[in-house]
Amino acid sequence: MEQHYRQYVIVYDTSYDDKSKEWTGIAQVRFSEGSKVRIMSVPLSAARFKSKDEAEQGTIVAGREWIDDRLDSSSGPFSKKKKGATAAPRAENNRRNTGI
């Protein structure tokens, strides 16, 4: 599945673990840099969810936060913002936008 966010594409999937009876998710963010297309795996730690919907929303939020960090940060290898600028809080906005 995929979702477009801030000119990026979040590609995500979920799976059910029969042993733990929980859902997990994986996410990648795809974006262009000049003529190159980059694909970045989004770290989700060991996130476990009780439903498929929760897993999907959790992976989308993780992808959006990765994108927001990239665009709003002044440091890091994928930063797009100039040093000295401040980042706005975004976690609450992501939750509001995805229904979490």
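The values are calculated or read from the model by the stated rules, or taken from the named source; none is laboratory data. None of these values were measured; they are calculated from a predicted model. Cβ placement follows ideal geometry from the backbone for every residue including glycine, while neighbour counts extend to all protein chains displayed.
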* State all residues of the range 40-65 that are under 11 Å from residue 29 (Cβ atoms) and acidic (Asp, Glu); if no residue qualifies, say none. => 65
* Asked: Residues in the range 6-20: is at least one surrounded by 15 or more Cβ atoms within 10 Å (Cβ to Cβ) and over 15 Å from residue 61 (Cα atoms)?
  -> no
* **Filtered residues of the range 38-76 (kept if over 14 Å from residue 22 (Cβ atoms) and touching a helix residue (DSSP H, G or I) at 6+ places or on another chain (Cβ under 6 Å))** => 42, 57, 60, 61, 64
* Structure fact -> Within the range 26-41, restricting to residues that are small (Gly, Ala, Ser) and within 12 Å of residue 10 (Cα to Cα), the one that is surrounded by the fewest Cβ atoms within 10 Å (Cβ to Cβ) is 41
* Asked: In the range 57-74, which residue that is more than 16 Å from residue 44 (Cβ to Cβ) and of a type in the set (S, T, N, Q) is modelled with the highest pLDDT?
  -> 73
* Structure fact -> Scanning the range 1-45 residue by residue, those more than 14 Å from the chain's Cα centre (by Cα), under 22 Å from residue 68 (Cβ atoms) and small (Gly, Ala, Ser) turn out to be 32, 34
